[in-house]
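Undergrad: Encoded as structure tokens, here's the structure I'll be asking about.
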Protein chains: 4
Amino acid sequence: MKKLKIGVIGMGRLGYEHACNIANRVPQAELTAICDADLKRAESAAEELGVTAVYTNPKELCSDPEVEAVAIVTDTSSHVEMIGYAMDAGKHVFCEKPLAENVEKCLAAEKIAEAHPELIFMLGFMRRYDHSYQIAKRKIEDGEIGDIILVRSYSQDPISIIEGTLQFAPRSGGQFIDMSIHDIDLIRWLTESEPRNLWAIGGCYEFKQYKEWDDGDNAACMMQCENDTMAFLFAGRAAAHGSHVETEIVGTRGTLRISSVPADSMVEVMNSHGVCHECYQDFISRWHNAYVAEMEEFCACVRENRKASPTVYDGTKNTRIAFQCKESFLNNRMLTL
Amino acid sequence: MKKLKIGVIGMGRLGYEHACNIANRVPQAELTAICDADLKRAESAAEELGVTAVYTNPKELCSDPEVEAVAIVTDTSSHVEMIGYAMDAGKHVFCEKPLAENVEKCLAAEKIAEAHPELIFMLGFMRRYDHSYQIAKRKIEDGEIGDIILVRSYSQDPISIIEGTLQFAPRSGGQFIDMSIHDIDLIRWLTESEPRNLWAIGGCYEFKQYKEWDDGDNAACMMQCENDTMAFLFAGRAAAHGSHVETEIVGTRGTLRISSVPADSMVEVMNSHGVCHECYQDFISRWHNAYVAEMEEFCACVRENRKASPTVYDGTKNTRIAFQCKESFLNNRMLTL
Amino acid sequence: MKKLKIGVIGMGRLGYEHACNIANRVPQAELTAICDADLKRAESAAEELGVTAVYTNPKELCSDPEVEAVAIVTDTSSHVEMIGYAMDAGKHVFCEKPLAENVEKCLAAEKIAEAHPELIFMLGFMRRYDHSYQIAKRKIEDGEIGDIILVRSYSQDPISIIEGTLQFAPRSGGQFIDMSIHDIDLIRWLTESEPRNLWAIGGCYEFKQYKEWDDGDNAACMMQCENDTMAFLFAGRAAAHGSHVETEIVGTRGTLRISSVPADSMVEVMNSHGVCHECYQDFISRWHNAYVAEMEEFCACVRENRKASPTVYDGTKNTRIAFQCKESFLNNRMLTL
Amino acid sequence: MKKLKIGVIGMGRLGYEHACNIANRVPQAELTAICDADLKRAESAAEELGVTAVYTNPKELCSDPEVEAVAIVTDTSSHVEMIGYAMDAGKHVFCEKPLAENVEKCLAAEKIAEAHPELIFMLGFMRRYDHSYQIAKRKIEDGEIGDIILVRSYSQDPISIIEGTLQFAPRSGGQFIDMSIHDIDLIRWLTESEPRNLWAIGGCYEFKQYKEWDDGDNAACMMQCENDTMAFLFAGRAAAHGSHVETEIVGTRGTLRISSVPADSMVEVMNSHGVCHECYQDFISRWHNAYVAEMEEFCACVRENRKASPTVYDGTKNTRIAFQCKESFLNNRMLTL
């Protein structure tokens, strides 16, 4: 089997994760080039991962003839520009979430992708590719829980990483755009429907500085979908126990819960605190296998020349809904979409 | 210790449960009289429980000089009338939830109670007295989870009892008034705040007949409280696994979950379905000990002449909010209270 | 229904529990008399529980004509003597475990019971009457797990009560006789077979003083039963997390586990230790309902004049096996019984 | 980083797993050659994994100058011969468990390894490298549970794979040698002690044919270690719920349990059976990451020229103890070692 030659743009924490996976964990892929504005960082990763093509200019990586596909893991604000470079150079594109920092740019990305129908485009909402979420989705499709009544989806970051969270917060777009967008994607994917009405609320329960950024440290949103399914999402930045992403799907024939206890191993500890499951403390450990699986799927889509999912349109829809959540939150009013 | 002599009005399923508890499980109480419109039913319970005073007319039970306190477990629509009979006859009153079928009657009940400040009045929202809810409340009061961010509360009935549910449905008042009122009470009790805004939704996912009663078989509501805590409640009538009441309290220092698995025993069954916890199939088994505990508290309040909780005002507030949920659901609009 | 009039001998911690249950929680029973060598303790309990017949001499309680049945909750060494007093006076007997402190006395108890076939005798191994154990037993009888392969049974006391444990240890008979005898009873009850071979081991892992009493602070025993089922029991005195009694029954069609997490409520606590279930810290809380249920069964047996279980012979067998465990432990040799 | 060039001998189910891991999941390794007596099978795997060197003769693979290390995943009976070929050819060796089918051959393997002190030898007891077992081991080393009192270790195969199990059974060596040897290895690794006394029992509870092979379908063994820790192991072939390997370590300060529920994902299914965790149905899914991790460790040992663990001596000791279990089982007697 010929391996897909992928270049990765962006060597931040998540870009490095993708690069390692492409180099070492995704059988169908080969890491061919690395790009980062910080040359030292790019070189260090390249050396570790056995890559010789190192760039600081993304355009150059995109025009490297050895590169067949590009994984974009840069700052959100540059995603669409990178997508343009890559697709215009004839490369397949895997782009990390979110697609862009506003809906206009998302629409521009749609245009680029539509201009290159022969190229594969895939957006990186990795939760869909997590083993447990895949099992849940299959059970739903197999009718095991009947029709969906309610989807509840939580994204909680551990308080242990709050320092970094606060530093990034001013330019993160806020809880809905940075965090709940994952839950929005899951809700749309699981219900196969779009929200029709929503109301978002939240507040500064622990970290008052979020107020300055027109945001809360914890936020929630209830949605009513076009097919009448209900949804509730919650985003938190101060979970004492760990990184807790949980999704529940209540159906007319049964209910599925994914990760109601975000245990980081199969170890139970019995001590003076009781019987305890220790929890994930960072999202990369939690989703490591999902990051590998989504990249495997990207390679398979290229190889088999089939549409990848999430699509560029998912990117636009997720972003638009996240902004509507924010609007609802800021005005404290229910929105009809 | 002198036992409190209690007469019970209403020998339906829950009235019988209370009568048995008063007769046999509540050390501080003595079952002194029984009243039911159906004489046979009253006599049969009286014989079993060793009671000689049997009535079909509630007024007579209330004027029985042997009776010191009255437990009202009749149809909701007669609650306030019964409260009047009992208190006017100088009896302490324990009244099952809900206080009344509309807010006007609740206000009338308030008047009655206020006219008898020397008498104890207690409303029967038993969940507050469940061992696990008591532990959770104490942990919150002790500051173990910091400030409350979100309360999520579910009430799901098992599909196994749907026949009876459907029969009662037309005169139940609907999901919010019949079922979610428990979650409304818990949210108010746990947050010590009142909802400021709410939006309720729902639908007929399995049992289309609820449409005829301006109701859904499943419903949800998101609330924003005056102290900024958030709340989400969900009511369902078709849970495949059992009677599932669950409450989660997310705080700034920790999270508590009560009954995320509504296991009916400490047995795990490992078989071809996996590792399974079988679940409660009816609410009386689930809440048996809570029914005993609330009656013990009622007796203690009488003995010690202290205010009982939930109060008559909780009854009014819970009812008003439940109706606001229903209004929001029917108009599909967010309500500012 | 006529209530069974019971006198309780022994007002220690467990005697008081039984007296309270008889007085207040067991509908079919009435607490009629109390006896304790310590008059003040007897009087205080009698006053609290509304009993007028108070004794310091057990013989006098046994000859009280108002008393129909006697619950013996005294020191083990006096059990058989008390059984004699009670049965010779024509009273039914409920006797706490263990039956006696050696096999000879157990055989004497058998003689007494046999001399009074018209009287009901029941031994107090309460675990059999715990809700979860009852469910497990029923599932086994219903064939849900096929034939039994292995029973594993643990009895662990929390380290939080070690002071009291150590004080009682010199006259407790040791882990097998004091503690594992419960597991021995469960194994015999669940497998419906008797051990054929056994080997017991143990040691002083934390509390070296057990060495002086020819005992260990932790001990274990493997058994092979006559019907070829296997059994493993473990007894510990230093559990960090709480009072942990757990039993597993592995069958050819499924496995049952009882209390693999000895949670004291349905609350999950999510904090810096992870997701934790807090555990029972004392055995009376854990077994409260079982103590009530066994007393209800005792009353039912008297009322219906049917044999009660566990029998006096269970008492002898459990004691004999416990002594054989101790012998095996002391000689560190497998025993063929 | 230079990759270690590994040749794999044996393309059975597990050999293929190792080959895939070496080719695609172990960053530090490169799959260089494949050998299987069945040429077609070898060629098919080689083509899929991009390997050009294909052999049917293990000796030839071992003398391939491109090969730096050999992974032996053949029938147990040929392990030692293969070790000889490989080490005599100057190759590092990773050998699957068990080391050999009898103790004599194990001693021969020790000799070979000792004759090549410059080469790395590692035995494949993968459970030690499972994430959860690694966490447990670290907690023990960090003193979190104090001193070890008891290790309980279960190995249960699902009844769903019984056909294959029965076919392999006559030449498997029996439950202790084929299956419990894993638990023996864990007990030795966790306690850092060797058994001093043991007694093994078992029987044919479901599959009577095991009798013909002097074996049982379920078996157990209790051990007393030289450092006084206790151990209990259980092996079963008919678990209704799945592939269930579980280990508990009871210590003087706390207890650890690994995989008390062998859930194959983070999904809870709530349906008419209750709240269920579905379980692993095959050992390769369960241990996939452990197989990768042990191979990573093997590569690291070669690279850093340090001793690998488990050692060849662990292989001998585990095998000797497994045979002693079998001897004890056959004679039904406790053995002092």
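Every read-out reported here was derived from the displayed coordinates using simple, explicitly stated rules and does not represent laboratory data. Quantities reported herein were computed from a predicted structural model and do not represent experimental measurements. Every residue, glycine among them, receives a Cβ derived from its backbone with ideal geometry; neighbour counts consider all protein chains shown.
Undergrad: Just order D:142-153, A:318-329 by mean Cβ neighbour count inside 10 Å, highest at the front, would you?
TA: Values: D:142-153: 19.5, A:318-329: 23.2.
Top of the packing list down: A:318-329, D:142-153.
Undergrad: Which distance in Å, rounded to a whole number, links the C-alpha centroids of region A:223-254 and region C:197-234?
TA: Cα centroid of region A:223-254 versus Cα centroid of region C:197-234: 49 Å apart.
Undergrad: Follow-up. Measure out, as a whole number of angstrom, how far apart the alpha-carbon centroids of region C:299-337 and region D:279-294 sit.
TA: Taking the Cα centre of each part, region C:299-337 and region D:279-294 sit 44 Å apart.
Undergrad: What number comes out for the charge environment of A:Arg171, summing +1 per Lys or Arg and -1 per Asp or Glu over other residues with Cβ under 11 Å away? Mind showing how you got there, number by number?
TA: Working: positive: none; negative: A:Asp75, A:Glu101, A:Asp178.
Spelling it out: positives minus negatives among the neighbours equals -3.
Undergrad: Here's another thing I want to ask about it. What are the nm distances, shortest first, from D:Ser63 to its equivalents in the other copies, labels at 7 Å along Cα→Cβ?
TA: Values, ascending and in nm: 5.5, 10.3, 11.6.
Undergrad: I've got another one for you. Consider the operator that turns chain A into chain D: which A residue has a Cβ nearest its axis, and what is that gap in Å?
TA: So the chain A residue sitting closest to the axis is A:Arg25, 3.
Undergrad: With both partners inside chain D, how many of the DSSP beta bridges are antiparallel, as a percent to the nearest 5? Before the final figure, lay out each step's value.
TA: Working: 33 of 62 bridges.
The antiparallel proportion sits near 55 percent.
Undergrad: If the cut-off is 19 Å between C-alpha atoms, which aspartates and glutamates fall inside it for A:Lys211, apart from same-chain ones fewer than 8 positions away?
TA: Leaving aside aspartates and glutamates fewer than 8 places away in the same chain, those within reach of A:Lys211 are A:Asp157, A:Glu163, A:Asp178, A:Glu327, B:Asp147, B:Glu226, B:Asp228.
Undergrad: Ranked by Cβ crowding within 10 angstrom, fewest neighbours first, how are B:His288, C:His92, B:His241, C:His273 ordered? Walk me through the numbers before you get to the answer.
TA: Working: B:His288 16, C:His92 24, B:His241 28, C:His273 19.
By the 10 Å Cβ count, ascending: B:His288, C:His273, C:His92, B:His241.
Undergrad: Normalising by the residue count of chain C, find the relative contact order in percent from Cα pairs under 8 Å and 6+ residues apart. List each step's numbers first, then the result.
TA: Numbers: 715 pairs, mean separation 67.1, N = 337.
Computed over chain C, the figure is 20 percent.
Undergrad: What does the average come to when, for each residue of peptide C:230-241, you count the partner chain Cβ atoms lying within 10 Å of its Cβ?
TA: Numbers: counts 10, 2, 6, 1, 7, 0, 5, 0, 7, 6, 14, 11.
That works out to 6 on average.
Undergrad: What is the extension gain from B:Arg13 to B:Ala37, computed as 0.36 nm multiplied by their sequence separation minus the C-alpha to C-alpha distance, in nm to one decimal? Let's see the in-between values first.
TA: Numbers: separation 24, 0.36 × 24 = 8.64 nm, distance 1.41 nm.
Answer, rounded to one decimal: 7.2 nm.
Undergrad: Longer than 19 Å from Cα to Cα, which of B:Lys59/B:Lys91; D:Lys137/D:Lys326; D:Lys91/D:Lys111; A:Lys3/D:Lys91 are they? Say none if no pair is. Don't jump to the answer; show the numbers that get you there.
TA: Values: B:Lys59/B:Lys91 12 Å; D:Lys137/D:Lys326 28 Å; D:Lys91/D:Lys111 16 Å; A:Lys3/D:Lys91 29 Å.
Check vs 19 Å cut-off fails for D:Lys137/D:Lys326; A:Lys3/D:Lys91.
Undergrad: If we count every other residue with Cβ under 15 angstrom of C:Leu337's Cβ, Lys/Arg +1 and Asp/Glu -1, where does the sum land?
TA: On the way: positive: C:Arg188, C:Arg196, C:Lys317, C:Arg320, C:Lys326, C:Arg333, D:Arg333; negative: C:Glu194, C:Glu226, C:Asp228, C:Glu327.
In short, +3.
Undergrad: Would you kindly calculate the translational diffusion coefficient of region A:137-221, applying Stokes-Einstein with the Kirkwood radius from alpha carbon pairs, for 25 °C and a viscosity of 0.890 mPa s, and quote it in µm² s⁻¹ without decimals? Walk me through the intermediate numbers first.
TA: On the way: Rh = 14.7 Å.
The diffusion coefficient I find is 167 µm²/s.
Undergrad: Given just the C-alpha atoms of region B:82-190, how large is their convex hull per residue in cubic angstrom? Numbers along the way, then the final one.
TA: On the way: hull volume 16.3 nm³, N = 109.
Here the figure is 149 Å³ per residue.
Undergrad: While we're on this one: What does the charge count around C:Glu43 come to, taking other residues whose C-beta lies under 15 Å from its C-beta (Lys +1, Arg +1, Asp -1, Glu -1)?
TA: On the way: positive: C:Lys40, C:Arg41; negative: C:Asp36, C:Asp38, C:Glu47, C:Glu48, C:Glu60.
Neighbourhood net charge equals -3.
Undergrad: When the expected Rg is taken as 2.2 N^0.38 Å, what fraction or multiple of it is the alpha-carbon Rg of the protein assembly as shown?
TA: Working: Rg = 34.4 Å, N = 1348, 2.2 N^0.38 = 34.0 Å.
Here the answer is 1.01, to two decimals.
Undergrad: Where the centroid of each part is defined by its Cα atoms, how far is region C:20-34 from region A:164-180 in Å?
TA: Answer, in whole Å: 63.
Undergrad: Please list log₁₀ I(q)/I(0) at q = 0.14, 0.29, 0.31, 0.34 Å⁻¹ for region D:298-337, using the Debye equation with identical point scatterers on the alpha-carbon positions.
TA: -0.47, -0.91, -0.95, -1.01
Undergrad: Which order do D:Glu101, D:Glu43, C:Glu141, D:Glu96 fall in if you start with the one that has the fewest other Cβ atoms within 10 Å? Kindly include the intermediate steps, with their values, before the conclusion.
TA: Details: D:Glu101 20, D:Glu43 16, C:Glu141 9, D:Glu96 23.
Fewest-to-most Cβ neighbours within 10 Å comes out as C:Glu141, D:Glu43, D:Glu101, D:Glu96.
Undergrad: Now a separate question. If all Cα-Cα distances of region D:1-122 are sorted into 10 Å bins from 0 onward, what percent lands in each bin, rounded to whole numbers?
TA: 15, 49, 30, 5
Undergrad: Taking 2.2 N^0.38 Å as the expected size of a compact globular protein, what ratio does the Cα radius of gyration of region A:213-335 give against it, to two decimals? Display every interim value, and only then the final one.
TA: Values: Rg = 18.5 Å, N = 123, 2.2 N^0.38 = 13.7 Å.
That works out to 1.35 for region A:213-335.
Undergrad: Run through the other copies and list how far each one's label point is from that of D:Glu48, in nm with one decimal, shortest first; the point sits 7 Å from Cα along Cα-Cβ.
TA: Values, ascending and in nm: 3.1, 6.5, 7.1.
Undergrad: Right, next: Calculated from DSSP H runs of 4 or more alone, at -39500 (n - 2.57) each and per residue, what is the 222 nm mean residue ellipticity of chain A, nearest 500?
TA: Values: 10 runs with 123 residues, N = 337.
Value at 222 nm, helices only: -11500 deg cm²/dmol.
Undergrad: Measuring from a point 7 Å out along Cα→Cβ, what nm distances, shortest first, does B:Phe168 have to its partners in the other copies?
TA: Label-point separations across copies, in nm and ascending: 4.4, 4.9, 5.5.
Undergrad: Report the residue, chosen from D:Ala220, D:Ala240, D:Ala89, that carries the largest GNM mean-square fluctuation when chain D is represented by alpha-carbon nodes joined by springs under 10 Å.
TA: Among D:Ala220, D:Ala240, D:Ala89, the largest GNM mean-square fluctuation belongs to D:Ala240.
Undergrad: Right, something else. At q = 0.13, 0.24, 0.30 Å⁻¹, work out log10 I(q)/I(0) for region C:11-76 with the Debye formula, treating every Cα as an identical point scatterer and leaving solvent out; two decimals please.
TA: With no solvent term, the Cα-only Debye profile gives -0.29, -1.08, -1.67.
Undergrad: A follow-up question, please. I'd like the mean, over residues of B:156-163, of how many other protein chain beta carbons sit within 10 Å of each residue's own Cβ. Mind dumping the intermediate values first?
TA: On the way: counts 3, 0, 1, 4, 1, 0, 0, 0.
Counting Cβ atoms of other protein chains within 10 Å of each residue's Cβ and averaging gives 1.
Undergrad: Can you give the log10 of the normalised intensity I(q)/I(0) at q = 0.18, 0.21, 0.24 Å⁻¹, computed with Debye over equal Cα scatterers of region C:231-295?
TA: Result of the Debye calculation: -0.86, -1.04, -1.14.
Undergrad: To continue, here is another question. Using Cα-Cα distances under 8 Å and only pairs 6 or more residues apart, what relative contact order does region D:11-135 have, in percent? It would help to have the intermediate numbers written out before the result.
TA: Numbers: 179 pairs, mean separation 22.3, N = 125.
Rounded, it is 18 percent for region D:11-135.
Undergrad: What average count of beta carbons from other chains do you get within 10 Å of the Cβ of residues in B:214-221? Don't skip to the answer; put the middle values down first.
TA: Numbers: counts 0, 0, 3, 2, 7, 3, 9, 1.
Going residue by residue through B:214-221 and averaging, the value is 3.
Undergrad: Please list the equivalent ellipsoid semi-axes of chain A, computed as the square roots of five times the alpha-carbon gyration tensor eigenvalues, in descending order and whole angstrom.
TA: On the way: eigenvalues 200, 105, 94 Å².
Equivalent ellipsoid of chain A: 32, 23, 22 Å, largest first.
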